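Here's the structure, in structure tokens; my notes come after.
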Amino acid sequence: MIPSKRTMLAVPVLILLVLTGACSSKPFLIVHYQLPPPSNSLEGREVSLAITDARDNKAFLTDNAKKSLRDFNDTYSLVVLKDDGSGNLLGIYEIDALISETFKKRMHNLGMQVPPPANKAEYELEIRLKEFKLDLAGRKWTIKMSYQANLLKNGRILAMESVNGSAERLKVMGRSDAEKVLSELLTDMVNKLDLAKLFQQAQS
């Protein structure tokens with residue numbers, strides 16, 4: 001579901017439809033990230049964002065999952081859903097950019113400002129991705145994700161939090177069920193990070 005009437009979304013939506021219709025199996029997975037209700041708890045904070053892929057195994061799919069997602073090319077189409085149910089299709093990303101965009105939207109949702117990579121802010125939020133794996137065991141999709149969030153100032157870690165989780169869903173409709181369990185876990189994992197608590201720890 002990609003509800004939007006904005007002209008700026010016409011081109012990416014058209015591209016997505018063309019790609020979807022051009023092949024029976026899409027080369028990307030559609031990810032729906034659900035923003036939590038907006039908050040101004042960190043309004044005005046300017047924080048740089050860095051994503052570090054620290055996984056031992058960079059492959060997202062296990063061998064069993066690859067058999068059902070043969071055309072997957074390690075890219076993800078990101079749709080950001082708002083609290084009112086509306087959504088924006090942002091584009092197609094590789095894993096680092098996917099994680100970056102979801103956390104950036106979460107930070108903006110808290111009132112934070114995220115400068116471009118070339119402009120470093122006083123504080124930096126580093127997301128070190130440790131695990132991100134989708135498996136298919138029998139008729140069940142299983143996904144695991146873990147990361148460490150570091151809040152830094154002048155290159156020194158002031159506070160950190162480790163977040164990990166897993167989810168599973170019965171394979172009924174094939175690819176769509178894989179996309180649902182991926183969307184559910186990614187949403188939970190991004191929204192679970194307590195950014196306000198990180199700043200409290202950093203200033204204590």
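Values in this text are rule-based calculations from the coordinates and carry no lab data. Just so we're clear, the structure is a prediction, and the values are computed from it rather than from any experiment. Positions of Cβ are backbone-derived with ideal geometry, glycine not excepted, and every protein chain shown enters the neighbour counts.
Condition test on Ser68, is it within 20 Å of Val181 (Cβ to Cβ), small (Gly, Ala, Ser) and surrounded by 14 or more Cβ atoms within 10 Å (Cβ to Cβ)?
In short, yes.
Leu90 is checked against (1) of a type outside the set (Ser, Thr, Tyr); (2) in contact (Cβ under 8 Å) with a residue 60 or more places away in the chain; (3) more than 23 Å from Thr75 (Cβ to Cβ) and fails just one. What number does that condition carry?
(3)
Could you list, in sequence order, the residues of the stretch 120-164 that are more than 19 Å from Arg175 (Cβ to Cβ) and assigned to a loop (DSSP other than H, G, I, E, B)?
The answer is Lys120, Ala121, Glu122, Asn154, Gly155.
Could you list all residues from the stretch 96-129 that are crowded, with 17+ Cβ neighbours inside 10 Å and either among the acidic types (Asp, Glu) or more than 27 Å from Ser39 (Cα to Cα) (or both)?
Glu101, Glu124, Glu126
Do we find a residue being farther than 12 Å from Ser48 by Cα and of a type in the set (A, V, I, L, M, F, W, C) anywhere in the stretch 119-126?
Checking the stretch 119-126: not a single residue is farther than 12 Å from Ser48 by Cα and of a type in the set (A, V, I, L, M, F, W, C).
Could you please give the count of residues in the stretch 177-204 that are more than 20 Å from Leu125 (Cβ to Cβ) and small (Gly, Ala, Ser)?
Residues meeting the conditions: 2.
Just give me the residues in the stretch 27-44 being in contact with a strand residue (DSSP E or B) (Cβ under 7 Å, 6 or more places away or on another chain), among the hydrophobic types (A, V, I, L, M, F, W, C) and either farther than 30 Å from Leu69 by Cα or not in a loop (DSSP other than H, G, I, E, B) (or both), in sequence order.
If the condition is that a residue be in contact with a strand residue (DSSP E or B) (Cβ under 7 Å, 6 or more places away or on another chain), among the hydrophobic types (A, V, I, L, M, F, W, C) and either farther than 30 Å from Leu69 by Cα or not in a loop (DSSP other than H, G, I, E, B) (or both), then Phe28, Leu29, Ile30, Val31 are the ones that fit.
How many of the residues in the stretch 63-88 are in a loop (DSSP other than H, G, I, E, B) and over 14 Å from the mean Cα position of the chain (by Cα)?
10
When you scan the stretch 135-142, do you find a residue that is under 17 Å from Asp194 (Cβ atoms) and of a type in the set (Ser, Thr, Tyr), even just one?
no
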